[in-house]
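What follows is a set of notes on a single structure, which appears directly below.
Nothing in this text is a laboratory measurement; each read-out follows from the coordinates by a stated rule. Nothing here was measured: the structure is a model prediction, and the numbers come from that model. Glycine gets a Cβ as well: all are built from the backbone with ideal geometry, and neighbour counts include every protein chain shown.
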Amino acid sequence: MIPELIRLNGYAYSWASIIFKVNFVPYLGLKSIDFGDSIEEELIYGSNRAGIPIARTAGKYTPGDLTVGALNGTAQTIMESLGLLGIGAISKPEVMCTLTLSEFGKPDTTYTFNRCRMVAPKDSPSEGVEGLTTDLTFKPMWIERNGLTLFDRMRMIPL
C-alpha cells in the first residue's frame with residue numbers, strides 16, 4: 001500500500017515537478033494544466049420491494065479536454081510543430097501528450113493523453129506585468145494514469 005502523501009526530505013510534488021511533452025518533445029513555459037474524464041452510467045431498476053437498483057450499465061466513457069496554459073512563445077512553438085505534422089492545419093494531426101510528475105527519489109506519476117487533437121487555441125492578451133499566455137485545448141480519445149484507465153480496457157479488444 002502506497003502512503004497517501006509521499007515525501008522525501010520534506011518535499012511534496014509541486015508545479016516544479018511537472019514535465020509536459022507533445023509527441024515525446026518536452027515543453028517549458030507552462031502556467032496551468034487542466035484535465036479529467038468520466039463515466040456516465042445508468043442504474044437499472046427491477047421489481048424488488050425495496051425499490052433499490054438491481055444493476056448498473058457498464059457506462060459510456062467521456063474524456064474531458066486537456067487544457068494547457070502556456071506562455072505565448074511556448075504555445076507558438078507547440079502550434080508550429082503541430083502545423084508541420086498537419087501540413088499547415090494545427091487541428092489535423094493526432095498526437096500523444098504526456099504529463100509526468102517527477103521528484104528525485106520518488107516514483108514518477110505519468111498521465112498519458114492518447115490520440116489528442118488540438119481543438120481550441122485561445123489567446124487572452126491583457127494589460128499587466130504578467131507574460132502573455134495562450135490556452136491550448138486538446139481533445140484526447142482516452143486518458144491513462146500510470147497505465148490505469150477509468151474504463152474497462154478489456155472492452156477495447158474486438159471479439
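Charge tally for residue 152 (other residues, Cβ to Cβ under 14 Å; Lys, Arg +1; Asp, Glu -1): +1. Using Cα springs under 10 Å in a Gaussian network model of the chain, which residue among 145, 115, 49 shows the largest mean-square fluctuation? For the chain, modelled as a Gaussian network with Cα springs under 10 Å, the answer is 49. Taking Cβ atoms as reference points and 9 Å as the exclusive limit, the residues near residue 140 contribute a net charge of +1, counting Lys and Arg as +1 and Asp and Glu as -1.
Between the amide H of residue 33 and those of 69, distances stay under 5 Å, these residues lying 5 or more places away or on another chain, with hydrogens modeled in the peptide plane. Neighbours of residue 75, meaning other residues whose beta-carbon lies under 13 angstrom from its beta-carbon, give a summed charge of -1 when Lys and Arg score +1 and Asp and Glu score -1.
Length gained on full extension, residue 104 to residue 80: 5.4 nm, using 0.36 nm per residue less the C-alpha separation. Counted over region 42-122 with a bin width of 10 Å, the fraction of Cα pairs per bin, in whole percents, is 14, 29, 21, 16, 13, 7, 1.
Please state the relative contact order of the chain as a whole percent: Cα pairs under 8 Å, 6+ residues apart? Once normalised by length, the contact order is 24 percent. Sorting the segments 53-64, 69-80, 127-138 by their mean number of nearby beta carbons within 10 angstrom, highest to lowest, gives 69-80, 127-138, 53-64. Highest mean packing comes first when the peptides 94-106, 24-36 are listed by Cβ atoms within 10 Å, giving 94-106, 24-36. Ordered from longest to shortest, the equivalent ellipsoid semi-axes for the chain are 34, 23, 16 Å, each the square root of 5 times a Cα gyration tensor eigenvalue.
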